[in-house]
Every structure is written in C-alpha cells, then in structure tokens.
Amino acid sequence: MKHQTNATGKRHPQPTSWSAMSKSAYVVLFALLTVVSSQIVAAESASLLSVDINVRDTAALQRGVRTFNDYCLGCHGADYMRYKRIASDLNINEGQIEARLLPPGREMTDALKSSLQPEAAKQLFGAVPPNLSLSARARGADWLYTYMLTFYRDDSTASGWNNLTFPNAAMPHAMWDLQGVQELAQHAESTTATDTQAHGHADITAGLKLIEPGLQSPEDYRRTVKDLVTFMVYLSEPAQLQRSAMGPWVLLFLVLFTLLAWILKREYWRDVH
Ligand code: HEC
C-alpha cells in the first residue's frame, strides 16, 4: 500500500515498507502479547506440579501396578485391563501375578474389577468411584500426580479429607499411611497467590504442611505416586508400549524414503534446464 487515508480524508504519502516507528510498535505489541498470554497459561497451570512420565520404564510400571492394586482397586475398577495383559506388557510372570495381584476366585483373563459394589460406594462416600482405565487421558498425568500429593485433613467434610487439586472430592486419602497427614498451612491462600507472582509458577504443595509423618519420606512418597501415575498412563492406552517401540523404525523408514525420493527427483531433473 502506497498511501493511507487518515480521518480527515487527506492522503499522506507512506513508505512502501513499514515505517521504523510502526515496525517497533508491532514488535513491542507482539512481545507484550507473548508475555501476557504466557502469564495467563502460567496462572492457569500454576497449581499443578509437573511430572515426567516414562511409560517404557518397566520397573516403575511394576511398582505402580502394585500400588494401584493395594491402594486403589478396593474402590475403583480398571475395567478395560486384564491381568493377562499386565503380565505380558509388564514382564511379570503369570505365577507372580497370581501370587501377588490376582484376588481369590479370579482368572488371569478377568478384568481389574473392584469388589466394591456401586450402591455400597454411594452409601459410603456419596459418590461412585469411577473406572480409572481412562483417567490419565481425561485428567492428564500432572493432574493425577498433583491430586495424589494434595490431600489434607478437613473436619468439615464427610470423609474427613479434602484436596487442593480436586476441592471437596468425595474420595478419602487412600495412601495417607504412606504420605502421612497434611493440613492447610495457616497462610495457605496468600502463599499460593504471592508465590505465583514472585516465581512465575506456584508450587501448590506450599499451601500444605505435613503434621504427621507417614511410612515414607516425602521424596519416597513422590516416587511412589510417580510410579503409580506411570502405571495409570500405561493403563489409559496400553498400545502405546508397542507403538513407541515401533517409533524408531518408522523414523528410519521416513529418512530412507526421503533420501530415495530426493535421489529420484535429482535423476528426473538432471537434463532439464
Ligand atoms: C475408599 C475408596 C477409594 C479409594 C481407596 C480410592 N478412591 Fe479414588 N475416588 C473415590 C471416590 C468416591 C471418588 C469420587 C470423588 C468425587 O467424584 O467426588 C474418587 C475419585 C477419584 C479420581 C477422580 C476421578 C475424576 O476424574 O473425577 C481419581 C483420579 C481417583 N479417584 C484415583 C484414585 C487412585 C489413583 C487411588 C489409589 C491410590 C484411589 N483413587 C483410591 C474413592 C476411592
């Protein structure tokens, strides 16, 4: 555009490219937008801890399935997963599964079902514990990880527990014997808010303090939760194990194919000028 019309209708000659002024104005505006939008994202995700999940870590999966079995399956099912598949995907032999995980009277081909009846659960907790097969996909690993770390004692709820990640959840703290008992820190609310401003991201657990130690140290408990979440991520999409094993071969194929296509193209165009 060579000319711009201003409000009075007069035409002012303008350089073809942006003037230095408007160019820097755009740069500033763009930078501002980037900062502002990243702030918004940071504020939204500020409360979640982040966890690095490696679903190919078989040892973590093996520890995770034990925790899941001991602490979650009492109330929740994972109805889309069968014991037999766990044995083969997690490199656990079927004898060990039978001895350690399989409830009496169940078969290797059975799904991971909870023995708790939905009606009984409703009476006990006021809510039916959902099937956890897909919850890592629905909520995400960070959410699950943070959820398991942010239970605290709260006498005003029916279960006596509350949760910073999922306020007023009907679920009691399943692993309190491992983590111990947490309580809201006195300054909890102000802490989270100012931490967000001061550090760009807040650690939600800063709002809680351990008032009674558990069987595990805080570091060990975090590892237990991480292994559990690793298992739940696998649970939500078991085929990803096979898929990620295939990944390098797919990449290799793509590289070779690209090379071949490039050589072919060069041959075809060799005599064209
Ligand atoms: C004593 C029973 C009980 C145990 C044990 C238990 N839960 Fe729960 N859980 C519940 C109930 C009840 C709810 C429903 C909470 C609500 O909707 O308010 C729930 C909800 C959840 C949710 C939220 C689902 C969603 O997306 O809304 C997740 C995730 C979860 N539980 C994971 C676990 C894990 C992992 C374990 C094992 C460490 C576990 N639970 C052990 C009873 C239990």
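No value in this document is a laboratory result; all are computed from the given coordinates. Here the structure is a predicted model, which is why all the values come from computation and not from measurement. Don't worry about glycine lacking a Cβ; one is built from the backbone with ideal geometry, like all the others, and counts go over all protein chains shown.
Remarks
- Loop-located GluC sites (Glu not before Pro) in region 59-167 whose Cβ has at most 11 other Cβ within 10 Å (DSSP): Glu107
- Two-decimal Rg to Rh for region 58-240 - Kirkwood Rh, Cα set: 0.99
- Ascending count of other beta-carbon atoms within 10 Å, so fewest first, for Phe166, Phe151, Phe30, Phe231: Phe30, Phe166, Phe151, Phe231
- Fewest neighbouring Cβ atoms within 10 Å first, the residues Val233, Val27 line up as Val27, Val233.
- Likely footprinting exposure, Met232, Met246, Met108, fewest C-beta neighbours within 10 Å first: Met246, Met108, Met232
- Positive-end extreme of charge dipole, region 58-240 - chosen from Gly77, Leu208, His173 (charges on Cβ): Gly77
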